[in-house]
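> This structure is in structure tokens; I'll ask about it shortly.
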Amino acid sequence: MSVLKVTVALDEKVLHRVDRLVRLKKFPNRSRAVQTAIEEKLARLDKTRLAVECEKLDTAGEQALADEGLQSEIEQWPAY
């Protein structure tokens, strides 16, 4: 993974909070703190996007399709 350098403007209060985390050894430096924050935010957005897409599914229709596929297979299963 290549790392690219960017310039970011932060609110002074936010920067003080980041610096405090670095002083407390929660992060090795500001860059890692900001990178971690961005990665976590992107991960949350991805989960939200997945939830939105899942809500669009027709659960009854999906279940009917699943059951339809199983019905033909059940007839081929041996009796126990």
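> Quick check on the stretch 25-38. Is at least one of its residues in a loop (DSSP other than H, G, I, E, B), exposed (fewer than 10 other Cβ atoms within 10 Å of the Cβ) and not small (Gly, Ala, Ser)?
Scanning the stretch 25-38 turns up at least one residue that is in a loop (DSSP other than H, G, I, E, B), exposed (fewer than 10 other Cβ atoms within 10 Å of the Cβ) and not small (Gly, Ala, Ser).
> Here is a list: Glu53, Glu62. Which entry is surrounded by fewer than 10 Cβ atoms within 10 Å (Cβ to Cβ) and either of a type outside the set (Val, Ile, Thr) or assigned to a loop (DSSP other than H, G, I, E, B) (or both)? Before you say what the answer is, go through the steps one by one.
On the way: Glu62 fails: surrounded by fewer than 10 Cβ atoms within 10 Å (Cβ to Cβ).
The unique qualifying residue is Glu53.
> Hey, another quick one. Does Val18 satisfy the condition of being assigned to a helix (DSSP H, G or I) and surrounded by fewer than 10 Cβ atoms within 10 Å (Cβ to Cβ)?
On the way: assigned to a helix (DSSP H, G or I): yes; surrounded by fewer than 10 Cβ atoms within 10 Å (Cβ to Cβ): no.
In short, no.
> How many residues does the stretch 1-15 hold that are part of a loop (DSSP other than H, G, I, E, B) and of a type in the set (D, E, K, R)? Please lay out each step first, then the result.
Keep residues of the stretch 1-15 that are part of a loop (DSSP other than H, G, I, E, B), which gives 1-11.
Within this subset, residues satisfying the condition of being of a type in the set (D, E, K, R) are 5, 11.
Residues flagged as part of a loop (DSSP other than H, G, I, E, B) and of a type in the set (D, E, K, R) within the stretch 1-15 amount to 2.
Only the coordinates and a few stated rules stand behind these numbers; no lab work does. Quick caveat: nothing in here was measured; it's all calculated off a predicted structure. In this analysis, Cβ positions are derived from the backbone assuming ideal geometry, glycine residues included, and neighbour counts consider all displayed protein chains.
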